[in-house]
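Single-structure report; data block below.
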Amino acid sequence: MRRPAKLVIATHNAGKLREIGELLAPLGVECVGAAELDLPEPEETGVTFVDNAELKARQAADLSGLPALADDSGLAADALHGNPGIFSARWAEDEDGKRDFRRAMERVWREVEAAGPEAGRDAHFACALSLAWPDGGIESFEGRIDGTLVWPPRGERGFGYDPIFVATGMDRTFGEIDPAEKHRISHRADAFRKLVAALGDPH
Ligand code: ITT
């Protein structure tokens, strides 16, 4: 796979943009955010993380004329048969489309509790990363991290559902741990490692 020199990060989510920037930093690729280029936010009509990552990357590459990297990700609770999943951002939205993750976390916990103790508290974060080229090529990579849901939410670091997720083998939430620690194990880092492996050695 070709290695881009300059890349659009096709996300309007500040938390993701920061994490993707940190993951990309060692590669020395010049990055520009979708918001900086005034790119619109496409409607996420896909039924999988890969579908949605691909449609975001494709639109950004077509509109900018640059290779574009998009991320579609979310929290999947076993007790909720994988929900909120691709609807993770939408569970945080009110009628006006304003996001409030406290409310989304409350909904997840309420529904997990309603599923009963035998449904368990296991969950995972999933991430699909898609790299689209203006000439039509596209490749996608998937990552995940398993863990457990906790209540109440803990920690101010990270974003989204991080305060209620504890990765397997840890006792602190993704909202509490150092970002560098999250980058060692996260769903996004897992997908990113596969992307970097596919890019190969630049020299
Ligand atoms: P873009 O589509 O512009 O990238 P978005 O926020 O709409 O931004 P998604 O549709 O992929 O992105 O929604 C994924 C949601 O899942 C996101 O808003 C977060 O709340 C949550 N999420 C994804 N990765 C996460 C992480 O590492 N930690 C916590 N929550 C995460």
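Across segment 163-191, the number of residues qualifying as more than 24 Å from S140 (Cα to Cα), in contact with a Gly (Cβ under 9 Å, 6 or more places away or on another chain) and of a type in the set (D, E, K, R) comes to 2. Among the residues of segment 66-89, those identified as farther than 16 Å from I145 by Cα, more than 12 Å from the ligand (Cβ to nearest atom) and among the hydrophobic types (A, V, I, L, M, F, W, C) are L66, A79, L80.
Between D96, D78, D135, D162, the distinction of being open to solvent by 70 Å² or more (accessible area, probe 1.4 Å), free of Cβ contacts under 8 Å to residues at least 24 places away in the same chain and farther than 19 Å from E44 by Cα belongs to D135 only. Scanning segment 3-54 for residues that are more than 11 Å from the ligand (Cβ to nearest atom), surrounded by 12 or more Cβ atoms within 10 Å (Cβ to Cβ) and not in a helix (DSSP H, G or I) turns up R3, P4, L7, V8, V29, C31, V32, L37, T48. What residue, among those in segment 183-203 that are more than 15 Å from A25 (Cα to Cα) and in contact with a Phe, Trp or Tyr (Cβ under 6 Å, 6 or more places away or on another chain), is most open to solvent (accessible area, probe 1.4 Å)? Ranking the qualifying residues of segment 183-203, first place goes to K194. Scanning segment 177-203 for residues that are farther than 18 Å from L129 by Cβ and part of a loop (DSSP other than H, G, I, E, B) gives I177, D178, D201, P202, H203. Of the set (1) within 22 Å of A34 (Cα to Cα); (2) more than 10 Å from the ligand (Cβ to nearest atom); (3) open to solvent by 10 Å² or more (accessible area, probe 1.4 Å), all apply to E111 but (1). Filtering segment 36-74 to residues that are modelled with pLDDT under 95 and in contact with a Lys or Arg (Cβ under 7 Å, 6 or more places away or on another chain) leaves only P42.
Just one of the listed residues (F125, F174) is among the aromatic types (F, W, Y), part of a loop (DSSP other than H, G, I, E, B) and near the ligand (Cβ under 10 Å from one of its atoms), and it is F174. So for segment 164-176 (the condition being over 21 Å from I9 (Cβ atoms) and of a type in the set (D, E)), does at least one residue qualify? There is at least one residue in segment 164-176 that is over 21 Å from I9 (Cβ atoms) and of a type in the set (D, E). Counting only residues that are of a type outside the set (A, V, I, L, M) and in a strand (DSSP E or B), segment 58-76 holds 4 of them.
Considering W91, W151, the condition of being in a loop (DSSP other than H, G, I, E, B) and open to solvent by 20 Å² or more (accessible area, probe 1.4 Å) is satisfied by W151 alone. Could you grab me the full set of residues in segment 114-132 that are farther than 24 Å from M170 by Cβ and either basic (K, R) or buried (at least 16 other Cβ atoms within 10 Å of the Cβ) (or both)? S130, L131, A132 - these are the residues of segment 114-132 that are farther than 24 Å from M170 by Cβ and either basic (K, R) or buried (at least 16 other Cβ atoms within 10 Å of the Cβ) (or both).
Among the residues examined, D96 does not qualify as within 12 Å of the ligand (Cβ to nearest atom) and within 29 Å of G155 (Cα to Cα). Checked against (1) under 20 Å from A79 (Cα atoms); (2) among the aliphatic types (A, V, I, L, M); (3) surrounded by fewer than 16 Cβ atoms within 10 Å (Cβ to Cβ), A180 meets all criteria but (1).
The values are calculated or read from the model by the stated rules, or taken from the named source; none is laboratory data. All values derive from a computational prediction rather than experimental measurement. Positions of Cβ are generated from backbone atoms using ideal geometry, with glycine treated the same way; all protein chains shown enter the neighbour counts. Areas reflect the complete protein model, heavy atoms only, side chains present, ligands, DNA and RNA absent. Shrake-Rupley method; radii C 1.70, N 1.55, O 1.52, S 1.80 Å.
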